[in-house]
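A.B. asks: My questions will all concern the structure given below.
The values are calculated or read from the model by the stated rules, or taken from the named source; none is laboratory data. Note that the structure is a prediction, hence the values are computed from the model and not measured. We place every Cβ from the backbone using ideal geometry, glycine too, and count neighbours over all the protein chains shown. To get the accessible areas, we keep the full protein, side chains included, count just its heavy atoms, and leave off ligands, DNA and RNA. Shrake-Rupley method; radii C 1.70, N 1.55, O 1.52, S 1.80 Å.
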Amino acid sequence: MSFKVTFPDGNTKDFVAPVTIGEIADGISHKLAKIALGGMVNGKIKDLNTKVDQDAELKILTWDDDEGKTIFRHSSSHILAEAVQNLFPGTKFGIGPAIKDGFYYDFDSPHVFTEDDFEKIEKEMARLAQGKSVFEKSVISRAEALKYFEDLGEIYKVELINDLPEDAEITTYKQGDFLDLCAGPHLPSTEKIKAMKIMSIAGAYWRGSEKNKMLQRIYATSFPKKTQLDEYLNLLEEAKKRDHRKLGQELELFTMMEEGPGFPFFLPKGMILRNELENYWREIHTKAGYAEIKTPVMLNRCLWEQSGHWQNYKDNMYFTQIDDVDFAIKPMNCPGSILVYKNSLHSYRDLPIRMGELGLVHRHEKSGALHGLMRVRCFTQDDAHIFMLPEQIKDEIKGVISLIDEVYSLFGFEYHLELSTKPEKAMGSDDIWEMATTALREALDEENLAYQINEGDGAFYGPKIDFHLTDCLGRTWQCGTIQLDFLMPEKFDINYIGEDGEKHRPVMIHRVAFGSIERFIGILTEHFGGAFPTWLCPVQVRLMSITDKQLPYIEAICKKMQAKGIRAEVDARNEKIGYKIRESQTMKIPYSLVAGDKEMENETIALRRLGKGDLGAVNVDELIENIISEIKERKNP
RNA sequence: GCUACUGUGGCUCAGAUGGUAGAGCAGCUGAUUCGUAAUCAGCAGGUCAGCGGUUCGAUUCCGCUCAGUAGCUCCA
């Protein structure tokens with residue numbers, strides 16, 4: 001009996017059943033068969049030795065496919081589990097999936113794992129992989145599965161089985177002496193896994209809930225070749241050099257003190273960068289029709305009760321008392337903004353009203369969550385609230401989306417979007433939530449933007465669109481957000497006078513573009529590896545002379561530059577030129593200018609551009625004009 | 001907050017199975033005036049995160065606290 005297989009490139013080929021995916025790959029080329037890790041049959045990811053016996057669309061998965069890597073890493077995680085089973089008897093097993101760049105397995109073990117165990121476990125894993133054991137798949141009944149894992153005392157596996165839907169097919173995979181409840185797919189054998197390395201250990205709550213027991217999670221990674229592992233480890237080393245915490249200290253941008261955990265101190269250089277960002281922010285927001293306000297950091301308890309923060313956000317808030325009255329330090333800017341709106345009467349003709357605020361908020365974050373500038377306890381949101389007519393919603397959302405895109409594009413950031421829906425802890429009726437969520441979804445769809453949905457992750461007052469950016473190690477951080485809110489207007493009873501002369505309820509958008517200035521600076525630092533675009537650089541130009549003889553010459557140039565608004569400085573220290581160059585390079589100053597006798601005679605200056613090396617002598621006035629236009633256009637390096 | 005780990009001069013790190021600490025860079029002083037990633041010499045700088053305990057004696061061992069790192073939970 002023959003059937004037809006369609007490949008991603010549209011080609012088809014006939015095969016005679018039964019034939020496995022691996023054999024089909026071999027039918028195409030021996031080379032492909034060698035690197036095949038699994039297959040995608042009609043969109044479903046399958047084992048390489050899955051039999052195909054009818055017309056199907058098939059993609060052979062290799063290391064170049066994410067799904068191929070997933071199969072590879074998932075199989076690796078079973079080897080890790082087998083190694084732990086062999087070395088640490090009495091260990092119970094949780095789950096062990098593939099993740100980005102590797103895999104992990106969760107264990108509940110009487111043995112407390114430390115880094116000292118890594119070598120031992122890695123050795124055992126290597127031994128097991130070299131054994132070329134086969135991954136054997138079996139389909140078993142629920143009763144059999146339960147009995148098997150109950151007898152072993154594998155309480156976590158039993159829990160997983162019990163939570164499987166009634167009609168689910170229960171499968172196990174066995175390699176060597178290790179049998180695991182697993183949906184697969186897996187590699188045919190351990191043979192292809194040539195390089196494995198344990199990366200770290202960490203606690204992780206069973207099934208991700210704080211209420212459950214914390215298991216020990218071992219993170220590891222694996223590759224088909226040892227050289228690929230070395231490359232990956234190298235990449236990690238390089239990435240660490242871009243860590244904003246390291247660069248923040250080296251470039252003297254900001255610092256953290258024991259006296260204020262999670263409360264960053266901005267140093268003079270960091271302040272320049274920050275102020276430049278804020279200037280840019282004001283510029284584009286003025287252009288987009290925003291007015292700027294500033295509201296108090298601390299406000300009366302009543303306000304927070306009215307907004308619902310007291311009930312819904314108390315754990316994250318800081319409190320104090322003034323003359324026996326409770327006050328809260330603001331964790332968000334919206335209530336203050338609303339009071340500003342309420343300060344005067346508004347006509348439908350005034351809407352939309354866009355009010356921006358660089359608002360300093362304080363939130364009590366759990367100590368373990370703090371992370372450099374990315375996660376702090378006080379930060380400045382580049383916040384804005386838009387009060388509008390219901391029919392203006394979609395246009396305003398689109399306007400905000402394009403504004404945020406403009407900001408991220410300026411820096412060359414890649415980002416992804418998430419739409420977060422109604423959380424458990426939410427105020428307001430389902431109808432209102434439905435309406436708000438639909439508005440956000442439609443705006444995204446009409447702009448043809450890709451997004452993923454985060455069920456139940458919205459703010460307590462409304463659904464939101466989040467913009468996520470990536471740090472040097474591939475961790476993503478939420479920066480921009482657009483939140484639609486029908487509730488606060490209700491709670492604060494704000495209104496506008498309509499065409500009919502009656503009071504009507506406006507709708508509100510809460511939105512940030514940078515997200516928090518602090519986090520954004522963290523992301524910026526890692527994105528540029530500290531080599532910021534010139535317009536953001538604390539020091540844009542460093543001038544140095546070969547000997548003291550040229551000092552007056554460069555000092556004059558420096559003054560000229562400063563007069564034109566360029567942040568230039570002279571390194572007048574009595575050091576060799578190599579020494580001064582080295583420092584200007586490590587401080588990542590974009591323009592290093594050197595003058596010796598030659599330059600002084602010709603009224604030029606030798607230019608060294610960061611990352612581009614020595615560019616030779618240039619005309620001073622032309623250089624100044626070029627630098628000015630680079631700053632003005634906010635060019636990226 | 002939870003699990004594991006870490007905490008030595010401004011920075012990067014060494015150190016002793018317990019006898020009160022070293023190096024490089026940075027800083028200061030002096031010499032050197034030199035062509036694109038570190039000139040030489042000298043000086044100064046530390047109650048070894050804090051508090052308790054064990055001990056004749058603790059920075060080193062133990063406990064607690066604080067701070068940091070990785071991850072979990074949570075979130076901009």
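A.B. asks: Show me the strands (runs of 3 or more DSSP E) entirely contained within region A:366-485 in which 2 or more residues are among the acidic types (Asp, Glu). Let's see the steps before the verdict.
C.D. replies: Details: elements: A:378-388, A:416-420, A:451-454, A:464-470, A:476-485.
Strands (runs of 3 or more DSSP E) meeting the threshold: A:378-388.
A.B. asks: Further, regarding this structure: Given (1) more than 16 Å from RNA strand B (Cβ to nearest atom); (2) touching a residue at least 40 places away in the same chain (Cβ under 8 Å); (3) in a strand (DSSP E or B), identify the lone condition not met by A:ILE338.
C.D. replies: (3)
A.B. asks: Within region A:477-490, how many residues are open to solvent by less than 30 Å² (accessible area, probe 1.4 Å) and within 16 Å of RNA strand B (Cβ to nearest atom)?
C.D. replies: 9
A.B. asks: Name every residue in region A:12-26 that is loosely packed, with under 15 Cβ neighbours inside 10 Å and either charged (D, E, K, R) or at pLDDT 85 or above (or both), in order of residue number.
C.D. replies: Step one: of region A:12-26, the residues loosely packed, with under 15 Cβ neighbours inside 10 Å are A:12-14, A:16-18.
Correct list: A:THR12, A:LYS13, A:ASP14.
A.B. asks: Then there's this: Just give me the residues in region A:617-637 being touching a strand residue (DSSP E or B) at 6+ places or on another chain (Cβ under 7 Å) and either farther than 26 Å from A:TYR280 by Cβ or open to solvent by 40 Å² or more (accessible area, probe 1.4 Å) (or both), in sequence order. Break it down stepwise before answering.
C.D. replies: Restricting attention to region A:617-637, the residues satisfying the condition of being touching a strand residue (DSSP E or B) at 6+ places or on another chain (Cβ under 7 Å) are A:617-620, A:623, A:627.
Answer for region A:617-637, where residues must be touching a strand residue (DSSP E or B) at 6+ places or on another chain (Cβ under 7 Å) and either farther than 26 Å from A:TYR280 by Cβ or open to solvent by 40 Å² or more (accessible area, probe 1.4 Å) (or both): A:ALA617, A:VAL618, A:ASN619, A:VAL620.
A.B. asks: Any idea how many residues of region A:534-588 are out of contact with any helix residue (DSSP H, G or I) (no Cβ under 7 Å at 6 or more places or on another chain), β-branched (Val, Ile, Thr) and either open to solvent by 60 Å² or more (accessible area, probe 1.4 Å) or assigned to a helix (DSSP H, G or I) (or both)?
C.D. replies: Number satisfying all stated conditions: 5.
A.B. asks: Please verify whether region A:377-395 includes one or more residues that are of a type outside the set (A, V, I, L, M), away from RNA strand B (no atom under 16 Å from the Cβ) and surrounded by 17 or more Cβ atoms within 10 Å (Cβ to Cβ). Give the steps one after another, and end with the answer.
C.D. replies: Taking region A:377-395 as the starting set, the residues that turn out to be of a type outside the set (A, V, I, L, M) are A:377-383, A:385, A:387, A:390-392, A:394-395.
Subsequent filtering for residues that are away from RNA strand B (no atom under 16 Å from the Cβ) retains A:387, A:390-392, A:394-395.
Now restrict to residues that are surrounded by 17 or more Cβ atoms within 10 Å (Cβ to Cβ): A:387, A:392.
Checked against the condition, which is being of a type outside the set (A, V, I, L, M), away from RNA strand B (no atom under 16 Å from the Cβ) and surrounded by 17 or more Cβ atoms within 10 Å (Cβ to Cβ), region A:377-395 yields at least one hit.
For every residue, the table says whether it meets (1) among the hydrophobic types (A, V, I, L, M, F, W, C); (2) more than 9 Å from RNA strand B (Cβ to nearest atom); (3) modelled with pLDDT of 85 or more; (4) open to solvent by less than 40 Å² (accessible area, probe 1.4 Å).
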position: A:GLU455; (1), (2), (3), (4): no, yes, yes, no
position: A:GLY462; (1), (2), (3), (4): no, yes, yes, yes
position: A:ASP466; (1), (2), (3), (4): no, no, yes, yes
position: A:ARG475; (1), (2), (3), (4): no, no, no, no
position: A:PHE492; (1), (2), (3), (4): yes, yes, yes, yes
position: A:ASN495; (1), (2), (3), (4): no, yes, yes, yes
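A.B. asks: Sticking with this structure for a sec: Just checking: which of the helices (runs of 4 or more DSSP H) contained wholly in region A:258-324 hold 1 or more residues that are of a type in the set (Ser, Thr, Tyr) and open to solvent by less than 60 Å² (accessible area, probe 1.4 Å)? Even if it seems obvious, please write down each step before you answer.
C.D. replies: Values: elements: A:268-287, A:301-307, A:309-312.
Qualifying helices (runs of 4 or more DSSP H): A:268-287, A:301-307.
A.B. asks: Looking at region A:99-106, is at least one residue touching a Gly at 6+ places or on another chain (Cβ under 9 Å), open to solvent by 10 Å² or more (accessible area, probe 1.4 Å) and not in a loop (DSSP other than H, G, I, E, B)?
C.D. replies: So in region A:99-106, the residues touching a Gly at 6+ places or on another chain (Cβ under 9 Å) come out as A:100-101, A:103-106.
Adding the requirement that they be open to solvent by 10 Å² or more (accessible area, probe 1.4 Å) leaves A:100-101, A:104.
Narrowing further to those that are not in a loop (DSSP other than H, G, I, E, B): A:104.
Yes: one or more hits.
A.B. asks: In addition: List the strands (runs of 3 or more DSSP E) that sit entirely inside region A:3-57 and contain at least 1 residues that are in contact with an Asp or Glu (Cβ under 7 Å, 6 or more places away or on another chain). Give the derivation first.
C.D. replies: Numbers: elements: A:12-16, A:38-41, A:44-46.
Ranges flagged: A:38-41, A:44-46.
A.B. asks: If you take the residues of region A:602-611 that are more than 9 Å from RNA strand B (Cβ to nearest atom) and open to solvent by 40 Å² or more (accessible area, probe 1.4 Å), which of them is farthest from A:MET544 (Cα to Cα)?
C.D. replies: Here the residue is A:ASN602.
A.B. asks: Let me ask another. With crowded, with 19+ Cβ neighbours inside 10 Å, hydroxyl-bearing (Ser, Thr, Tyr) and more than 23 Å from A:TYR451 (Cβ to Cβ) as the only criterion, which of A:SER420, A:SER347, A:SER337 stands out? Before you say what the answer is, go through the steps one by one.
C.D. replies: Working: A:SER420 fails: more than 23 Å from A:TYR451 (Cβ to Cβ); A:SER347 fails: crowded, with 19+ Cβ neighbours inside 10 Å.
Exactly one residue qualifies, and that residue is A:SER337.
A.B. asks: A follow-up question, please. Of all the residues that make up region A:304-322, how many are among the basic types (Lys, Arg) and in contact with a helix residue (DSSP H, G or I) (Cβ under 7 Å, 6 or more places away or on another chain)? Spell out the reasoning first.
C.D. replies: Taking region A:304-322 first, the residues among the basic types (Lys, Arg) are A:314.
Among the residues that remain, those that are also in contact with a helix residue (DSSP H, G or I) (Cβ under 7 Å, 6 or more places away or on another chain) are: none.
Going through region A:304-322 one residue at a time, the tally reaches 0.
A.B. asks: For region A:358-368, what are the residues that are open to solvent by 30 Å² or more (accessible area, probe 1.4 Å) and among the aliphatic types (A, V, I, L, M)?
C.D. replies: The one that is open to solvent by 30 Å² or more (accessible area, probe 1.4 Å) and among the aliphatic types (A, V, I, L, M): A:LEU360.
A.B. asks: Please list, ordered by first then second residue, the pairs with beta carbon atoms under 8 Å, 6 or more apart or interchain, first in region A:511-524 and modelled with pLDDT under 95, second open to solvent by less than 10 Å² (accessible area, probe 1.4 Å) and of a type in the set (Lys, Arg).
C.D. replies: none
A.B. asks: I need the helices (runs of 4 or more DSSP H) fully contained in region A:110-177, keeping only those with at least 1 residues that are farther than 23 Å from A:ASN49 by Cα, open to solvent by less than 70 Å² (accessible area, probe 1.4 Å) and within 16 Å of RNA strand B (Cβ to nearest atom).
C.D. replies: Working: elements: A:118-130, A:142-152, A:155-163.
Result: A:118-130, A:155-163.
A.B. asks: Taking the options A:LEU80, A:LEU87, A:LEU61, name whichever one is at pLDDT below 95, open to solvent by less than 10 Å² (accessible area, probe 1.4 Å) and out of contact with any Lys or Arg (no Cβ under 6 Å at 6 or more places or on another chain).
C.D. replies: Working: A:LEU80 fails: at pLDDT below 95; A:LEU87 fails: open to solvent by less than 10 Å² (accessible area, probe 1.4 Å).
Checking each option against the conditions leaves just A:LEU61.
A.B. asks: Of the residues that sit in region A:497-508 and are in contact (Cβ under 8 Å) with a residue 12 or more places away in the chain and more than 16 Å from RNA strand B (Cβ to nearest atom), which one is most open to solvent (accessible area, probe 1.4 Å)? Reasoning before the result, please.
C.D. replies: Filtering region A:497-508 for residues in contact (Cβ under 8 Å) with a residue 12 or more places away in the chain gives A:497-499, A:504-508.
Still in the list and also more than 16 Å from RNA strand B (Cβ to nearest atom): A:497-499, A:504-507.
On the way: A:ILE497: 51, A:GLY498: 9, A:GLU499: 159, A:HIS504: 65, A:ARG505: 81, A:PRO506: 4, A:VAL507: 5 Å².
Out of the qualifying residues, it is A:GLU499.
A.B. asks: Can you confirm whether region A:179-196 contains a residue that is open to solvent by 30 Å² or more (accessible area, probe 1.4 Å), in contact (Cβ under 8 Å) with a residue 40 or more places away in the chain, in a strand (DSSP E or B) and within 16 Å of RNA strand B (Cβ to nearest atom)?
C.D. replies: no
A.B. asks: Quick check on A:PRO110: is it under 15 Å from A:ARG217 (Cα atoms) and in contact with a Gly (Cβ under 6 Å, 6 or more places away or on another chain)?
C.D. replies: Considered against the rule, which asks whether it is under 15 Å from A:ARG217 (Cα atoms) and in contact with a Gly (Cβ under 6 Å, 6 or more places away or on another chain), A:PRO110 comes out as yes.
A.B. asks: Where residues in region A:228-257 are more than 11 Å from RNA strand B (Cβ to nearest atom) and among the polar types (S, T, N, Q), which of them is surrounded by the fewest Cβ atoms within 10 Å (Cβ to Cβ)?
C.D. replies: A:ASN234
A.B. asks: Specify which of the listed residues (A:ASP614, A:ASP597) is farther than 30 Å from A:GLU283 by Cα, within 8 Å of RNA strand B (Cβ to nearest atom) and either open to solvent by 70 Å² or more (accessible area, probe 1.4 Å) or in contact with a Ser or Thr (Cβ under 8 Å, 6 or more places away or on another chain) (or both).
C.D. replies: Values: A:ASP597 fails: either open to solvent by 70 Å² or more (accessible area, probe 1.4 Å) or in contact with a Ser or Thr (Cβ under 8 Å, 6 or more places away or on another chain) (or both).
Result: A:ASP614 is the single residue among A:ASP614, A:ASP597 that is farther than 30 Å from A:GLU283 by Cα, within 8 Å of RNA strand B (Cβ to nearest atom) and either open to solvent by 70 Å² or more (accessible area, probe 1.4 Å) or in contact with a Ser or Thr (Cβ under 8 Å, 6 or more places away or on another chain) (or both).
A.B. asks: Continuing with this model, one more query. If the Cβ limit is 9 Å and pairs must be 6+ apart or interchain, which residue in region A:552-578 that is of a type in the set (Ser, Thr, Tyr) pairs with which residue that is outside any helix (DSSP H, G or I)?
C.D. replies: Final answer for the pair search is A:TYR553/A:SER545; A:TYR553/A:ALA595; A:TYR553/A:GLU603; A:TYR553/A:ILE605.
A.B. asks: Another question about this same structure. Could you tell me whether any residue of region A:31-52 is open to solvent by less than 60 Å² (accessible area, probe 1.4 Å), touching a strand residue (DSSP E or B) at 6+ places or on another chain (Cβ under 9 Å), among the hydroxyl-bearing types (Ser, Thr, Tyr) and touching a residue at least 24 places away in the same chain (Cβ under 8 Å)?
C.D. replies: Yes, because at least one residue in region A:31-52 is open to solvent by less than 60 Å² (accessible area, probe 1.4 Å), touching a strand residue (DSSP E or B) at 6+ places or on another chain (Cβ under 9 Å), among the hydroxyl-bearing types (Ser, Thr, Tyr) and touching a residue at least 24 places away in the same chain (Cβ under 8 Å).
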